[in-house]
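What follows is one structure encoded as structure tokens, with my remarks underneath.
The values are calculated or read from the model by the stated rules, or taken from the named source; none is laboratory data. Remember, predicted model here, so these are calculated numbers, not experimental data. Methodologically, a virtual Cβ is constructed for each residue, glycine included, from the backbone with ideal geometry; neighbour enumeration extends over all protein chains shown. For the accessible areas, the whole protein counts, side chains as well, though only heavy atoms, and no ligand, DNA or RNA atoms are used. Shrake-Rupley method; radii C 1.70, N 1.55, O 1.52, S 1.80 Å.
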Amino acid sequence: IYPLSTAAQWSVFLETSPVPSQAPVAPLLLCVSQSRSNYGGGNTNKVIASDEKEQVMALTALKELILSMPLTLWFGTKTSIAKSYAAFSNSSNSSSGGGYLKSRIINSIISIIRNVCNLIEDCNEHQQQINNDVIVAIFDLSNTIFTKVPFGQKSNNHETNLITSTIGLLCALGNSYINNTTTTTTAATTKELQHHHYKEKNLRCNQIVLDSIVKCLLESLGGRVTQQGTVTLLPSPTQEWLLSVESEEFLNHLFSLSLRSNYSVNMQDSAFVQTGALDVLSGIVHTAPWVLSMRQKQTKMINHQQQEQEKNRLVVFQEIISSLFYHNDASIRSFGAKIVESFLQGRKAMALSSDEQLRMTGVDFSFVTSIFCPLLHRSLNDYDVSIRSFAASALGHLQGSDWESIFKVLCVSEGKTKHETNYFYSLLEVCENRRISSRGDKSANVRSMACKAIGNICTTCISKSETSSKKGEEYAILPESQVVEVCKDVSEVMLHCMLDTTAQVRSMALFAIGNLALAVKERESDNLMIPFSTTRSLCISVYKCLDDKNEKVIGNAIRTIGHLVSILYDQVTPQQAEACSQEMTELCRKVACKLTCKINHTINDATNESTKLTWKQRSNAKRHAWGACNSLKSLFGCSYARKKENQEAFSNALSELIRCVELTQILNEKIVISALSTLTSIPPMTWHYFGGKNVLGNGLAVCINIMYRDNNKESNVKPILIGKIRAMLLSLVNLATEADFYNCFASDDLSASMVEFLYCWMVDQKLEARIYSTVSSVFQRQSDLGDKVEMYIVQKFSSRALHEHKKENQEFFNSSDCIEGEDEL
């Protein structure tokens, strides 16, 4: 329906009828949610409406309606649609009064949530009387609420009420989970379950309902990977619920069930109960690992089962993990590796939180290296592929303090190889293809996960961005002697992995090399971490991957080549430069040409100068252009860019970057920002070298044009881009020579009014006298510009040059007098 419907038409769905002559009518959102839903309600004689199909259709219609509504847009209180709707519905008959659309939407959503809470409570009380299809539809609607509603913080009363209502929904879901799992596990031991027909029907019904509840709980926890590759955050209502005492019964039951289910192999229904419990536990430790460190409310011990519940939650969690890893069933063991991976991911993410409780400050994490790491290391040799994959990935999420302990073991262990005592080297072995090597793994998925983990570990252990246990100071986990060894071993393995027959492995090998190179660069060591010959070999291999058939491989190759080139040209000695000057120059030129082609491909698509691309092809092209703009920054910084043989290649690269800025309004914002970042970082001598190619003058003209149109409200360029373009213009104006300014003013896209705008802008920037003098000289010496600019504009530049020159002289004499006065004292 949306966006064809107007804001006014949406009132049918959101509020009572605004027409005075009509009787008040409930909004369609509430009509659907209330339709046929008044069963139960405290009266045990009332049951579900006779027409169950109608009930399911009503709930499904409400779910689809919520999915179709642009709630994220509507929750932006200052959008034009919000204002137009507020103006339309600001009438005496409006049920929610005046205000922006956001508050009206929230009121409707709150009413829906309250209705859903009532439905779930009725299900808890009368589940045997309600059709399973209706129950599933109710939980699907709850799932949609968590998927679609953009929960914020408690910035006003409306958002506070929304979060409070959603916490009530979570409480209802938690109670429903407890009731269904308790009923299921109890029923499995009764004599009634011995009858085959009753047993089969009971298990099937419970499984359907429980699966719906688990899906809803998982959605409420966040941690879902979107189509864009981002991970959804823990919604604020869920965080408040988990931090409150209202979730305690649910959490205690979940942990108890997760631990107990490991030993319930004889239970008829234990499989799906256990799977659901472990899935929810994995979701919790992924987005809310701090739940493990929360103190449980102490109650009186009655029996052994309650003693299990009242243990420290972190201890229970360790027991759960240990029992899962040693289970005979591979599907259960895989849950152990999956949950550990989720916990390590969550702990790493929470380390950045400003809240000490969420950061788990004061918690002793030594169990990670003493208990979890040996289990993960053991799982790298499991016969099940999924277990090996989870284990490899989990090792990549260890923190710096964990690796600090692990590498210390390597230093003190005698009589054993480093592959036997250090999990890093065991993981590195897994990266290779066992089908063609004496070591490694046969599964491509395991090898790719291992390569990715190695890349993450390089960032953690080599870069100084990690602070480890030493707060407030930059601190690298590994000493330089070990970094050299790690770099050598990783480079050797990844050179083989880049030749893997599976694209996924090649892509992650490039990712690992890129992280290694970036970490070495950020370490800023005076010593050579990677030998020159190794870096050169890596550069050549990565360059070949720029022509790979797989788009993900190309994307990671573009990123990696930028980091490697930075190291290669920074660490080359004069002797090495002389010995392989031709090779280095050629490599620099080839890489620049490849990256320029990636940018040009996207520009041609945006300007319809090439054949139409599919959505997927266009998405990949944009990603590659963005990466190419970033990687060119490293190339422009090296001296080989200014070699005569490379002049044309780099001139073309500069022109494409400037073209990205020129197409600000139609190109992807990330590409434009990346191009601007590279252009503003180019050394002055490089700009001057290409000055004769009209590059700098073209850049000036593009920036002036965009700034002029923005100043006159003739474009809709975002402020963040205008700020960066302003910085680029300031940089170019300071670098420009007379030839550059001439090429700029000779552009057909530059008018007299734009030149006058440039003058006013320069005055605001308080530029030096020499720049005004240079511009004035251009107009006075180049007669062909006389017809383009009025004389009074030229005189403005000349007068300002004299004014600024006098001002600079006065400041110089004043500063000289101060120095002489100090000498006399």
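Before moving on, here are some points about what is shown:
- Test: residue in segment 526-545 that is of a type in the set (S, T, Y), under 21 Å from C461 (Cα atoms) and either at pLDDT below 90 or open to solvent by less than 40 Å² (accessible area, probe 1.4 Å) (or both): yes
- Test set (1) of a type in the set (S, T, N, Q); (2) buried (at least 18 other Cβ atoms within 10 Å of the Cβ); (3) at pLDDT 90 or above - N381 fails condition number: (2)
- Segment 248-280, subset surrounded by fewer than 21 Cβ atoms within 10 Å (Cβ to Cβ), assigned to a helix (DSSP H, G or I) and of a type in the set (S, T, Y), residue modelled with the lowest pLDDT: Y263
- Check on A519, within 26 Å of P479 (Cβ to Cβ), modelled with pLDDT of 95 or more and crowded, with 24+ Cβ neighbours inside 10 Å: no
- Summed over segment 233-247, the residues that are in a loop (DSSP other than H, G, I, E, B) and closer than 13 Å to L292 by Cβ give a count of 0.
- For segment 109-143, the set of residues classified as open to solvent by less than 10 Å² (accessible area, probe 1.4 Å) and of a type in the set (S, T, N, Q) consists of S142 only.
- Any chance N652 is assigned to a loop (DSSP other than H, G, I, E, B), open to solvent by 70 Å² or more (accessible area, probe 1.4 Å) and out of contact with any His (no Cβ under 8 Å at 6 or more places or on another chain): no
- Residue in segment 485-504 that is more than 24 Å from N433 (Cα to Cα), open to solvent by less than 40 Å² (accessible area, probe 1.4 Å) and modelled with pLDDT under 95 present: no
- Looking only at segment 342-368, and only at residues there that are surrounded by fewer than 19 Cβ atoms within 10 Å (Cβ to Cβ) and assigned to a helix (DSSP H, G or I), the one that is modelled with the highest pLDDT: F367
- Only residues that are more than 23 Å from R781 (Cα to Cα) and either of a type outside the set (V, I, T) or not in a loop (DSSP other than H, G, I, E, B) (or both) were counted across segment 703-756, and they come to 27.
- Residue pairs whose Cβ atoms lie under 9 Å apart, sitting 6 or more positions apart in sequence or on different chains, and linking a residue in segment 425-440 that is hydrophobic (A, V, I, L, M, F, W, C) to a partner that is assigned to a helix (DSSP H, G or I) and modelled with pLDDT under 90, are L428/H419.
- Test: L613 is outside any helix (DSSP H, G or I) and among the hydrophobic types (A, V, I, L, M, F, W, C): yes
- N608 vs. criteria more than 21 Å from S681 (Cα to Cα) and in contact with a Gly (Cβ under 9 Å, 6 or more places away or on another chain): no
- Set side by side, the residues K643, K590, K633, K594 differ, and just one is surrounded by fewer than 23 Cβ atoms within 10 Å (Cβ to Cβ), under 25 Å from R506 (Cα atoms) and over 30 Å from the mean Cα position of the chain (by Cα), which is K590.
- Meets criteria (at pLDDT below 95 and assigned to a helix (DSSP H, G or I)) for C461: yes
Residues are listed down the side, and each one gets a yes or a no for (1) modelled with pLDDT under 90; (2) not charged (D, E, K, R):
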{"residue": "H624", "(1), (2)": "no, yes"}
{"residue": "C638", "(1), (2)": "yes, yes"}
{"residue": "E656", "(1), (2)": "no, no"}
{"residue": "V661", "(1), (2)": "no, yes"}
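- Residue check for K442: open to solvent by 50 Å² or more (accessible area, probe 1.4 Å), farther than 16 Å from A509 by Cβ and at pLDDT 80 or above: yes
- Among the residues of segment 523-548, those identified as within 22 Å of W626 (Cα to Cα) and under 26 Å from the mean Cα position of the chain (by Cα) are V542, C545, L546, D548.
- Consider segment 710-766 and keep the residues that are over 25 Å from H803 (Cα atoms) and of a type in the set (V, I, T). The one that is surrounded by the fewest Cβ atoms within 10 Å (Cβ to Cβ) is I720.
- Checked against (1) touching a Ser or Thr at 6+ places or on another chain (Cβ under 9 Å); (2) surrounded by 15 or more Cβ atoms within 10 Å (Cβ to Cβ), A769 meets all criteria but (1).
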